[in-house]
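The values are calculated or read from the model by the stated rules, or taken from the named source; none is laboratory data. Please read these numbers as outputs of a predicted model, since none were measured by experiment. Here the Cβ is made from the backbone with ideal geometry for all residues, glycine too, and neighbour counts use every protein chain on show.
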């Protein structure tokens, strides 16, 4: 087993997804949808459950309610089916990731210039 090097005095932070996870019913209530819709979105691949070998029920990350809300808005506002909403959500997530990377790597003195 290899040791992980970290600066002296730095705290080791362990994220326990299960401690912050929501069960299916709680997620449905938080998102304002029927539990069957949550099950359908899991089947389509929009939501992933948090693996827990000790839990007998599905649990989801807290941000899953935001993904459900986004998919429902895409369906209602743009008329997309849930498969289309899944694709749109994946693309929007990818854009957000790339924008975060760009902001992290962008220096104030090195701005994009259009000539």
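Going by the conditions given, is residue 32 at pLDDT 90 or above and surrounded by fewer than 13 Cβ atoms within 10 Å (Cβ to Cβ)? Can you show your working first?
Details: at pLDDT 90 or above: yes; surrounded by fewer than 13 Cβ atoms within 10 Å (Cβ to Cβ): yes.
Yes: the conditions hold for residue 32.
Within 24 Å of residue 92 (Cβ to Cβ) and either surrounded by 10 or more Cβ atoms within 10 Å (Cβ to Cβ) or at pLDDT below 90 (or both): which single residue out of 16, 56, 77, 69 fits that description? Show your work before the answer.
Details: 16 fails: within 24 Å of residue 92 (Cβ to Cβ); 56 fails: within 24 Å of residue 92 (Cβ to Cβ); 77 fails: either surrounded by 10 or more Cβ atoms within 10 Å (Cβ to Cβ) or at pLDDT below 90 (or both).
It is 69.
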